[in-house]
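The values are calculated or read from the model by the stated rules, or taken from the named source; none is laboratory data. In this text, all values refer to a predicted model and were calculated from it rather than measured experimentally. With ideal geometry, Cβ positions are generated from the backbone for all residues, glycine too; neighbour counts draw on all protein chains shown. SASA here: full protein model, heavy atoms, side chains in, ligands and nucleic acids out. Shrake-Rupley method; radii C 1.70, N 1.55, O 1.52, S 1.80 Å.
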Amino acid sequence: MYLRLYLNCKLIVENIYVLFCQISMKKILFRKLLSDCLVFFFISLFSTSIIIWVFQAVNFLDIIVEDGRDYLVYINFSLLNFPKILTKVIPFILFFSFLYIIAKYEIKNELIIFWSFGVNKIELVNFFIKFSILIMIIQILLTALIVPKTQDLARSFLRTSSINFFENFVKPKVFNATLKGLTIYSNSKDKNGNLKEIYLKKGRGDNFQITYAKKGGFKKIGNNTYLELYLGETISVVNDKITSFKFSKSDFNLTNFDDNTTTYKKTQEVATIDLIKCYHSLMNFNFLKIEKNFKVENCRADNINNILKELYKRIIIPLYIPVLILISLLLITKSKENTNYFRHRFLIFLIGLSAIIISEMTIRFIDNDFYKNIKIFIIPIILIISLYSLFLFKFKFIKH
């Protein structure tokens with residue numbers, strides 16, 4: 001009897017030990033697969049984002065070359081646009097990274113290790129769903145909080161900066177309207193920055209002033225910048241009355257003119273909570289308590305479509321991240337031994353790419369119809385439920 005009891009206890013201990021080893025091994029396997037996916041994801045994400053940022057930064061050189069801004073304005077403006085680039089490429093890079101690593105594991109027979117240690121395929125799906133929800137939350141924080149703030153800061157550098165390099169934005173044979181209410185044209189420009197055959201138009205509408213000069217150049221006196229003109233004529237039109245005078249030399253003060261930079265916040269630069277309050281107020285809802293003196297730029301009935309589209313981009317599109325990871329996990333539904341495996345892998349890539357395109361295309365269908373918008377908003381939720389149900393049906397409810 002004692003021997004039987006001893007053997008039973010020994011068997012129980014051995015089973016507990018085996019179970020503990022399996023659980024520990026599962027954690028190691030999951031951690032290894034996830035770390036490989038994340039390493040490839042972060043390398044791809046930052047390398048792709050930096051390449052895009054460099055190309056975009058080259059385009060931003062117009063801030064200096066054409067608008068005459070300071071170099072620090074250009075640097076700050078360019079750097080603050082990097083978070084926006086990250087959020088744009090995250091969905092595709094995430095999908096591609098997980099698809100590539102899972103396919104690599106399958107081709108190298110490394111997934112067999114998972115199944116050999118008792119890992120159920122539905123356990124692998126559940127593990128990555130939890131991870132995808134974490135990535136989704138991070139993406140929402142980026143799109144809803146960080147990106148609008150950085151976009152507003154980037155724009156504020158332009159709003160509060162002044163034009164420091166007037167010589168840069170005046171190009172020969174190009175009409176320049178960088179300064180508000182002033183158009184400048186020069187037929188040619190020498191190496192020293194001197195202009196020839198200059199045309200200036202000040203003002204718009206019925207009242208304006210036109211100045212011609214044979215030559216001229218920029219000069220700075222204190223904090224003021226002047227365009228020094230020689231051998232020209234000024235024609236003024238005020239209330240249909242024309243006056244003119246000729247000059248041998250005239251100084252045209254450019255410091256008093258404001259630039260054409262947008263001074264108000266664009267919809268994409270407004271904080272998410274303010275957009276929600278704005279939509280709540282415009283639709284006359286009673287869900288939130290909003291202070292009486294609440295005011296948001298661009299909070300107008302004719303701008304409600306843009307507000308909804310912006311909220312959709314910030315909050316709803318990140319919901320497609322679990323969809324993309326679940327699509328990449330469709331790879332484990334077939335083994336590489338299957339004759340159609342490579343066709344299966346290519347089909348999954350096309351499905352994931354289509355999901356990304358659909359997530360962006362649905363923005364066009366957002367309008368004032370609340371119930372129609374709800375149908376669009378729940379598309380990613382329906383896709384998540386459908387894909388997970390497919391995994392349950394294939395791995396849990398069907399005995400292989």
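Side notes on the structure shown:
Rundown of residues vs (1) part of a loop (DSSP other than H, G, I, E, B); (2) crowded, with 21+ Cβ neighbours inside 10 Å; (3) among the aromatic types (F, W, Y); (4) at negative phi, yes/no style:
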{"residue": "R314", "(1), (2), (3), (4)": "no, yes, no, yes"}
{"residue": "L319", "(1), (2), (3), (4)": "no, no, no, yes"}
{"residue": "N338", "(1), (2), (3), (4)": "yes, no, no, yes"}
{"residue": "G352", "(1), (2), (3), (4)": "no, yes, no, yes"}
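- Evaluation of Y312 against the conditions (1) touching a helix residue (DSSP H, G or I) at 6+ places or on another chain (Cβ under 7 Å); (2) over 21 Å from L141 (Cα atoms) shows that the sole unmet condition is (2).
- If you check K220, K196, K202, K191 for being open to solvent by 70 Å² or more (accessible area, probe 1.4 Å) and in contact with a Leu (Cβ under 6 Å, 6 or more places away or on another chain), only one passes: K202.
- Residue match in segment 210-225 (condition: at positive phi, modelled with pLDDT under 70 and out of contact with any His (no Cβ under 7 Å at 6 or more places or on another chain)): yes
- Qualifying residue in segment 161-173 (condition: part of a strand (DSSP E or B), at pLDDT below 80 and over 32 Å from the mean Cα position of the chain (by Cα)): yes
Table: residues versus (1) surrounded by fewer than 18 Cβ atoms within 10 Å (Cβ to Cβ); (2) not in a helix (DSSP H, G or I).
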position: N109; (1), (2): yes, yes
position: V119; (1), (2): no, yes
position: F128; (1), (2): no, no
position: I137; (1), (2): yes, no
position: I146; (1), (2): yes, no
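- Test result for T255, open to solvent by 80 Å² or more (accessible area, probe 1.4 Å), under 30 Å from G216 (Cβ atoms), part of a loop (DSSP other than H, G, I, E, B) and at pLDDT below 75: no
- In the set (1) open to solvent by 60 Å² or more (accessible area, probe 1.4 Å); (2) farther than 26 Å from E123 by Cα, the condition left unmet by F393 is number (2).
- Residue match in segment 234-249 (condition: within 22 Å of N192 (Cβ to Cβ), at pLDDT 75 or above, out of contact with any Asp or Glu (no Cβ under 8 Å at 6 or more places or on another chain) and open to solvent by less than 70 Å² (accessible area, probe 1.4 Å)): no
- Among the conditions (1) part of a helix (DSSP H, G or I); (2) open to solvent by less than 60 Å² (accessible area, probe 1.4 Å), the only one that I75 does not satisfy is (2).
- Looking across F98, F92, F40, F82, one residue alone is closer than 20 Å to F128 by Cβ, touching a Ser or Thr at 6+ places or on another chain (Cβ under 8 Å), modelled with pLDDT of 90 or more and open to solvent by 40 Å² or more (accessible area, probe 1.4 Å). It is F40.
- Every test in (1) modelled with pLDDT under 90; (2) part of a helix (DSSP H, G or I); (3) more than 19 Å from the chain's Cα centre (by Cα) is passed by L153 save one, and that test is (3).
- Matching residues in segment 321-336 - criterion: being in a helix (DSSP H, G or I) and of a type in the set (S, T, N, Q): S328, T333
- The residue of segment 82-122 that is farthest from K32 (Cα to Cα), among those that are of a type outside the set (A, V, I, L, M, F, W, C) and in contact with a helix residue (DSSP H, G or I) (Cβ under 6 Å, 6 or more places away or on another chain), is K84.
- Pairing residues of segment 127-141 that are farther than 19 Å from S328 by Cα with residues that are assigned to a helix (DSSP H, G or I) and charged (D, E, K, R), at Cβ distances under 8 Å and at least 6 apart in sequence or on separate chains, gives I140/R314.
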